[in-house]
Structure formats: C-alpha cells, structure tokens
Amino acid sequence: MELYWLIAAFFVIALVYASVGFGGGSSYLALLAQPFFALLPDAIRPTALLCNIVVVTGGTIIFYRQGKIHWKDVWPFLVASVPLALAGGWWRLSQHTFFVLLAVTLMLASVLLWVQPAEQNAGDRWLNSLGAKIALGGGIGFLSGLVSIGGGIFLSPILHLAGWAEPRKISALASVFILVNSMGGLAGQFWGKGVALELSFIAPLLAAVLAGGQIGSRLGAMKLNQKMIKRTTAVLILVAALNILKDHL
C-alpha cells in the first residue's frame, strides 16, 4: 500500500516540478525520508536521482531544440559541479548525519523557493565573474551529491535574484544542471557502493515520474501560476523537513 501512495505522489511531484523547470528531487527526498517509510539512505539517494534524471531529460531536450541552451553560458556552472557531485555521491554519510543534513538542506530549499524577485534585475556584477560561476556551481554540485538533490532548486532562485538572464534561459540552465549533477551524484554512489535498490520498487516510480514529467512540461507552456506553485511547494518541503528533523535530533 505504501508503494501505491508513493507512485501517486511521485506522479504529482514530477508533474508540478516539470511545469516550472525542475526535476522534483527535493520533494522525492522529503517524501522518501519520512520516518513511516523506514527507508535507508542507500535506497533514498539513488531513487531521487534516477527520478530526477527521467524528468529533466525531456525538459533539457525541449530547451535545446528551442535554442535556450548555449554552452558558452552553461559550462562555467558545470565544470566544477560535476566532479564535486561525483565526490559528494561517493561520500557515504552516517544515517543520522544524512537525515539531519537533508532536513537542513530542504529547509534552505524551501526558503529559496519562497523568495521571489520583485522584478527582473539588471544583473548583479558578481555573477558575471567566471570564478563566481564556477564556485557557485561547484558548491551546489557537492551539496547535491551529498544529499542527492539535483541542485536546480538552489541555482535557479539565485540566478533569478541576481538577474542573470531571462526566466526561460534560467530554466534551461537549471534543467542541464540538474541532469548532469544527478548523473554525477549517481555515478559517485555506484562507485562508493552506496546503492541498494530493488527493481520492483524503483520501476513503478520511474514510470510515474516519466508520465508526470511529460504532462508537466506541456502544462508549463500554458503559463501556469509559477509563483503559487513554488510557494506551495516551499511550504510542503518545509513541513517535511521539520518532520525529518524532529525524528533525527
């Protein structure tokens, strides 16, 4: 019965996140880490990343075909994030440390989701620096690998607040960032032998997020109220994070 609830929830999560250009990793993690599922990190981490990869692959292809992905703009954010995501995925935290770090990360993600720039800024000069882009990507990449979150939920709000580019271009970068960091983090987990998955558990979840992601990508083009979606998601993630923290402190 728990698996049926997860399948339905993952479908909805993928649909909602894909509509705003994300993969849904933060909410997959928030749900899987709830105490009543009694799942261990070696199952939670790869599940979230595999679902991320399935959802954002379609979005990345769409953005590429639309000409929104320009590699000269993208590579500075990826050059350090991918190897650091690999290192973070390889590093196996204790069960207690993982859940506490995950809860804190989810709380930070909820704040960033809630904060919305009042208007498009002209572009903060600090983010025009190559070193700043590499450092920002690398820092988020390492955290992404540790907790198995794609990282777009951190990168995208920061880019919006800094006025880095127009919204669709930021969403395109976030999709690529989530995809490559999820792959890097997952590779690190396999390298560090931190994966414990059963096909009967992961297969229906991947099918659910594939369907939800495809529908969400198309709904996103219909100009849904992204601000409302992000703020509702922020509240739900915060509640889930507090519940995880309560059980592991």
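Values in this text are rule-based calculations from the coordinates and carry no lab data. As the structure is a prediction and not an experimental result, all values here were calculated from the model. For neighbour counting, all protein chains shown are included, and Cβ atoms are generated from backbone atoms with ideal geometry for every residue, glycine included.
Between W71 and A38, how high is the FRET efficiency from 1/(1 + (r/R0)^6) when r is the Cβ-Cβ distance and R₀ = 30 Å? Nearest 0.05.
Approximately 0.10, to the nearest 0.05.
Can you compute the helix-only [θ] at 222 nm over the chain? Use -39500 (n - 2.57) per DSSP H run of at least 4 residues, normalise by all residues, nearest 500 deg cm²/dmol.
-25500 deg cm²/dmol
How would the stretch 137-249 be classified by its alpha-carbon gyration tensor: rounded, prolate or oblate, with rounded meaning a/c under 1.5 and the a/b versus b/c comparison settling the rest?
Rounded, since a/c falls under 1.5.
Mean separation of Cα pairs under 8 Å and 6+ residues apart, divided by the residue count of the stretch 2-248: what relative contact order is that in percent?
After rounding, I find 40 percent.
So which DSSP H runs in the chain come out at 27 Å plus along the axis (Cα) with average Kyte-Doolittle of at least 0.5?
Correct list, ordered by number: 41-65, 95-114, 167-191, 199-220, 226-248.
Counting other Cβ atoms within 10 Å of each Cβ, which chymotrypsin sites (Phe, Trp or Tyr not before Pro) in the stretch 1-58 have at most 15 and sit in a DSSP loop?
none
Could you check the spin-label model distance between H96 and L245? Points 7 Å from the Cα along Cα→Cβ, value in nm.
About 1.8 nm separates the two model spin labels.
In the chain, if the dipole is taken from +1 on Lys/Arg beta carbons and -1 on Asp/Glu beta carbons about the Cα centre, which of I149, G137, W5 is farthest to the positive end?
Looking along the dipole axis, the top candidate is G137.
What whole number of Å gives the distance from the Cα centroid of the stretch 48-107 to the Cα centroid of the stretch 164-179?
When both Cα centres are located, 12 Å separates them.
For the stretch 140-248, which trypsin sites (Lys or Arg not before Pro) pass both filters: DSSP loop (anything but H, G, I, E, B) and at most 11 other C-beta atoms within 10 Å?
Qualifying residues, ordered by number: K193, K223.
Pairs of lysines 8 or more apart, or on different chains, with alpha carbons under 25 Å: count those in the chain, would you?
Eligible lysine pairs with Cα atoms under 25 Å apart amount to 13.
Please compute the length gained on full extension between Q226 and S129, using 0.36 nm multiplied by the number of residues separating them and subtracting their Cα-Cα distance.
So the chain would gain 32.0 nm between Q226 and S129.
Which one of A172, G192, L206 is farthest out on the positive end of the charge dipole of the stretch 163-231, using unit charges on Cβ (Lys, Arg +1; Asp, Glu -1) and the Cα centre as origin?
Of the candidates, A172 comes out farthest on the positive side.
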